[in-house]
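Heads up: the structure comes next, in structure tokens.
The values are calculated or read from the model by the stated rules, or taken from the named source; none is laboratory data. Computed from a predicted structure; not experimentally measured. Reconstructed Cβ throughout: ideal geometry from the backbone, glycine too, with neighbour counts over all protein chains shown.
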Amino acid sequence: MRGVVPHSRPLCMRTARRSGALLALCVGAFAAGGCDREPAAEAPTLAASGVSQPAGWADELAMPIPRDLNPDPNVLEIDLEARIEEIEILPGTKTPAWTYNGTVPGPMIRAKVGDRVIVHFKNSLPEATTIHWHGLRVPNDMDGAPGVTQPPIEPGGEFRYELELRDAGTYWYHPHQDSSAQVGRGLYGAFVVEDPADPAVFGDELVLLLSDIGLRENGDLLDADTGGNFGDLFGREGSVLLVNGKILPTLKVRNGKQQRWRIINAARARYYNLRLRGHRFIRLGGDNGLAARSEDIYNIVLTPGERADAVFTPADPPGSSNVLRWVPTERGYGSTFNRSSEPMLAIETVPDPPVTPEPIPTELRTIEPIDITNATRRTLDLTIDIASTVEMGINGVPYWQAKPLEIELGDTEVWRIVNNTPFSHPFHLHGFFFQVLDDRRVREWKDTVDVPHESELTVAVRFDERPGAWMYHCHILDHAEAGMMGHLVVRDPNAPTPADEPAAGGHRH
């Protein structure tokens, strides 16, 4: 492929090599019962760190909407610029955030199934970037993987993205070039594809984009290498929790009046486990639209990159208040060490009389199981090599040494994803949806799924269209940069082999 990024190991690998001895020492402590260092990645939130917040400080949950440049009702055409902007995240301070159109998060892109979206993108950052449309099944050359599907967009460069929206669901967009740093500085935004046929009984819709950011008390970004603390192995978390770019915003609700929450985890490493005292949720689906049926749940758990679609029915008395909280999630050795829950969203129930909620249907849509009778079977073993350095990979090989998977157009494959490491890994596949082969799960289409530590799961994928090179990787972005990613090539047997196919390790995540 033209514009392939020259072979180079990512920044976090260079950091890991400087501090490998410390990391190896801490991991060696597993057998002895633990490591006496608190994980840096499991950083305390701002409230826990002692930084003061004005009582009741909050802002609205509304996210900016980009101006539509096209009069055609079936075409959304927008300008999107990545640039550094001084914005207020901590009250009374300015942060030099990396933004889309000057805001964190970037503007919410919203369209309907069947629409065409045209994005005129300009890179005004001091380094190269791209945009990956996370979860969307887009043309191969629009996927935003530099060195695999497109050249990186250099500073001052422009690129025109054209997307055909085929699938309803909750998606998001973010860089795929040095993504841990760029996402960590604020580059991400929501992308919702509506299905006009969705039942109205789901209630008023609210998009909640969850993220975190590392900030000093003066508002400066905590952007430097972490120096090899044991917590780096979990991925680097920010010190400030955000909902739609705000710290502890307030949502006003009415008792009994349902809301449909579309929730996006846009953090580069943090798992979100959400709980609301005295409430349950009705889960409608996740990554790629509605599931086959709804289910009652009492907490919502999202890995980095994953999404949830759920109905929230306020049940608190009129005039009362509650708090949606982030709760520590067990995702590997030491992941809940010295941690407590943190407030995410203040919920105030207005004094209006309660209303009677509508019943939510159990059966939502028909999703036929993928036929795996003649499927090709593979094992993808998520691995970590910790000696004097830290190197992650798949099947024992880091990305820059791996060969692509060869898949013929029209094939179905079953992947057994094995995680014998002591840390959980969210697995993300570009360009295609998959089904998790587990009878205990509600059937749905996924593009991101958690593979818990010391366990495995099996997924089925149908490669029935869109030939070309596609990425798959751990969506803890530091893990991807450390080598836990790969790419596959879907070949059309009736088409000539391209001369500019990406080489192994051509992509810099």
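Limited to region 218-235, what total is found for residues that are buried (at least 21 other Cβ atoms within 10 Å of the Cβ) and either part of a strand (DSSP E or B) or at pLDDT 95 or above (or both)?
Summing the residues that are buried (at least 21 other Cβ atoms within 10 Å of the Cβ) and either part of a strand (DSSP E or B) or at pLDDT 95 or above (or both) in region 218-235 gives 0.
Restricting to region 431-447, what's the tally of residues that are acidic (Asp, Glu) and modelled with pLDDT under 95?
Start the filter on region 431-447 by keeping residues that are acidic (Asp, Glu), which leaves 438-439, 444, 447.
Adding the requirement that they be modelled with pLDDT under 95 leaves 438-439.
The total comes to 2.
Any residue that is over 21 Å from residue 327 (Cα atoms) and touching a Gly at 6+ places or on another chain (Cβ under 8 Å) - is there at least one of those in region 193-207?
The answer is yes, given that some residue of region 193-207 is over 21 Å from residue 327 (Cα atoms) and touching a Gly at 6+ places or on another chain (Cβ under 8 Å).
Does residue 266 count as more than 28 Å from residue 317 (Cα to Cα), at pLDDT 95 or above and in the same structural domain as residue 73 (by TED's automatic domain parsing)?
no
Among (1) over 19 Å from residue 170 (Cβ atoms); (2) of a type outside the set (Phe, Trp, Tyr); (3) loosely packed, with under 15 Cβ neighbours inside 10 Å, which single condition is residue 114 missing?
Failed condition: (1).
Here is a list of conditions, (1) closer than 26 Å to residue 213 by Cα; (2) buried (at least 23 other Cβ atoms within 10 Å of the Cβ), and residue 121 meets all of them except one; can you say which number that is?
So the condition that residue 121 fails would be (2).
Might you let me know whether region 200-217 holds any residue that is of a type in the set (A, V, I, L, M), surrounded by fewer than 22 Cβ atoms within 10 Å (Cβ to Cβ), free of Cβ contacts under 8 Å to residues at least 12 places away in the same chain and not in a loop (DSSP other than H, G, I, E, B)?
Checked region 200-217: at least one residue is of a type in the set (A, V, I, L, M), surrounded by fewer than 22 Cβ atoms within 10 Å (Cβ to Cβ), free of Cβ contacts under 8 Å to residues at least 12 places away in the same chain and not in a loop (DSSP other than H, G, I, E, B).
Among the candidates 450, 500, 478, which residue alone is crowded, with 16+ Cβ neighbours inside 10 Å and at pLDDT below 95?
478
Being small (Gly, Ala, Ser) and in contact with a Lys or Arg (Cβ under 8 Å, 6 or more places away or on another chain) is the filter; apply it to region 97-111 and report the residue that is surrounded by the most Cβ atoms within 10 Å (Cβ to Cβ).
Top of the filtered list is 97.
Could you check region 285-297 and list, in sequence order, the residues that are surrounded by fewer than 22 Cβ atoms within 10 Å (Cβ to Cβ) and either of a type in the set (Asp, Glu) or modelled with pLDDT under 95 (or both)?
Selection gives 295, 296.
Which of the residues spanning region 139-148 are buried (at least 24 other Cβ atoms within 10 Å of the Cβ) and either closer than 18 Å to residue 122 by Cα or without any contact (Cβ under 8 Å) to a residue 60 or more places away in the chain (or both)?
Matches in region 139-148: 143, 144, 145, 146.
Within region 446-464, can you find the residues that are in contact with a Lys or Arg (Cβ under 8 Å, 6 or more places away or on another chain) and over 22 Å from residue 265 (Cβ atoms)?
Across region 446-464, the qualifying residues are 456, 458.
Out of the residues in region 149-166 that are closer than 25 Å to residue 486 by Cβ and in contact with a helix residue (DSSP H, G or I) (Cβ under 9 Å, 6 or more places away or on another chain), state the one that is surrounded by the most Cβ atoms within 10 Å (Cβ to Cβ).
This residue is 149.
Listed here are the residues, each with its yes/no results for (1) within 30 Å of residue 181 (Cα to Cα); (2) over 22 Å from the mean Cα position of the chain (by Cα).
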{"site": "270", "(1), (2)": "yes, no"}
{"site": "274", "(1), (2)": "yes, no"}
{"site": "283", "(1), (2)": "no, no"}
{"site": "289", "(1), (2)": "yes, no"}
{"site": "292", "(1), (2)": "no, yes"}
{"site": "307", "(1), (2)": "yes, no"}
{"site": "311", "(1), (2)": "no, no"}
{"site": "316", "(1), (2)": "no, yes"}
{"site": "319", "(1), (2)": "no, yes"}
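Mind counting the residues in region 238-269 that are among the charged types (D, E, K, R) and farther than 27 Å from residue 187 by Cβ?
Residues flagged as among the charged types (D, E, K, R) and farther than 27 Å from residue 187 by Cβ within region 238-269 amount to 3.
Tell me, please, whether a residue that is surrounded by 24 or more Cβ atoms within 10 Å (Cβ to Cβ) and either among the polar types (S, T, N, Q) or assigned by TED's automatic domain parsing to the domain that holds residue 480 (or both) can be found in region 184-193.
No: region 184-193 contains no residue that is surrounded by 24 or more Cβ atoms within 10 Å (Cβ to Cβ) and either among the polar types (S, T, N, Q) or assigned by TED's automatic domain parsing to the domain that holds residue 480 (or both).
Looking for whichever is in contact (Cβ under 8 Å) with a residue 12 or more places away in the chain and in the same structural domain as residue 303 (by TED's automatic domain parsing) here; the options are 340, 424. Which one fits?
Sole residue among the options that is in contact (Cβ under 8 Å) with a residue 12 or more places away in the chain and in the same structural domain as residue 303 (by TED's automatic domain parsing): 340.
Being charged (D, E, K, R) and out of contact with any Phe, Trp or Tyr (no Cβ under 8 Å at 6 or more places or on another chain): is that true of residue 381 here? Spell out the reasoning first.
Numbers: charged (D, E, K, R): yes; out of contact with any Phe, Trp or Tyr (no Cβ under 8 Å at 6 or more places or on another chain): yes.
Spelling it out, residue 381 is indeed charged (D, E, K, R) and out of contact with any Phe, Trp or Tyr (no Cβ under 8 Å at 6 or more places or on another chain).
What's the number of the condition residue 362 fails, among (1) of a type in the set (Ser, Thr, Tyr); (2) within 30 Å of residue 488 (Cβ to Cβ); (3) in contact (Cβ under 8 Å) with a residue 24 or more places away in the chain?
For residue 362, the failing item is (2).
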